[in-house]
Amino acid sequence: MASLLLLIAVIFTAISPAAIAANENSTDFILRNCAATLYPQLCYKSLKPYAPTVNQNPLTLAVAAANVSLSKIKGASFQAVRLRRNSTGRAGAALRDCVESLRTAADLTKQSALEIKKLGPAAQAGGPSFAWEVSNAQTWMSAALTNEDTCIDGFDDVGGGGGSAAVKVFIGTVGRVKQYTSNALALLNALVVG
């Protein structure tokens, strides 16, 4: 019994008030930054789990947002591959193109995240070099968003509003992926605006 009480005391001591306060401050930081996005609730919900690592750092927050977007893009790409196996005609062609567009979007998002990670020293120095390097990450993230749009646009010529029910669900999924990417781009934009 004494060892159980000791274990409980150690656990409560490890969760110090300072650690709790830092996490709360980081969640407030995420909430404030997400308010500048087009989808603030989605932004906050998707980035809140990263509060302990974000540590009120806008660069770390931008990387986390890019990584969330990347994960969602990859999920949609896998979904497109599965759907393509059973699709023919225009829907099959649109899904084939969509797989390629989403793979490109994933590559661009990954490139953007890598560029943001390199910004640490430039952020401390500030100036035009920082703005230039952020613009590279913005360009790649914006191009990822364009590729997601291209994926959805490919279903415009498919009869019945996009094809089967599964394809319609997929189109909705890609629409949601665009929201994550839009949020990541907004947080990148805030690096140079805010």
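The values are calculated or read from the model by the stated rules, or taken from the named source; none is laboratory data. All values derive from a computational prediction rather than experimental measurement. Neighbour counts run over all protein chains shown; Cβ positions are idealised from the backbone, glycine included. Calculation scope for accessible area: heavy atoms of the full protein, side chains included, ligands and nucleic acids excluded. Shrake-Rupley method; radii C 1.70, N 1.55, O 1.52, S 1.80 Å.
Here are the numbers for this structure:
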{"item": "Index of the failed condition, SER87 passing every other in (1) within 30 Å of VAL169 (Cα to Cα); (2) in a helix (DSSP H, G or I)", "result": "(2)"}
{"item": "Residue within region 93-104 that is of a type in the set (Gly, Ala, Ser) and surrounded by 18 or more Cβ atoms within 10 Å (Cβ to Cβ) present", "result": "yes"}
{"item": "Search result, residues across region 35-68 that are open to solvent by less than 60 Å² (accessible area, probe 1.4 Å) and farther than 21 Å from GLY120 by Cα", "result": "THR37, PRO40, LEU42, CYS43, TYR44, SER46"}
{"item": "Total residues in region 70-84, condition of a type in the set (Ser, Thr, Tyr) and touching a Lys or Arg at 6+ places or on another chain (Cβ under 9 Å)", "result": "1"}
{"item": "Residues of region 163-188 satisfying the condition of being crowded, with 24+ Cβ neighbours inside 10 Å and either among the polar types (S, T, N, Q) or outside any helix (DSSP H, G or I) (or both)", "result": "THR181, ASN183"}
{"item": "Residue in region 59-77 that is closer than 22 Å to THR27 by Cβ, among the basic types (Lys, Arg) and touching a residue at least 40 places away in the same chain (Cβ under 8 Å) present", "result": "yes"}
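Condition check ((1) under 20 Å from ASN147 (Cα atoms); (2) over 14 Å from the mean Cα position of the chain (by Cα)) across all residues:
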{"site": "SER26", "(1), (2)": "no, yes"}
{"site": "LEU31", "(1), (2)": "no, yes"}
{"site": "ALA35", "(1), (2)": "no, yes"}
{"site": "LYS48", "(1), (2)": "no, no"}
{"site": "PRO52", "(1), (2)": "no, yes"}
{"site": "LEU61", "(1), (2)": "no, no"}
{"site": "LEU70", "(1), (2)": "yes, no"}
{"site": "ALA80", "(1), (2)": "yes, yes"}
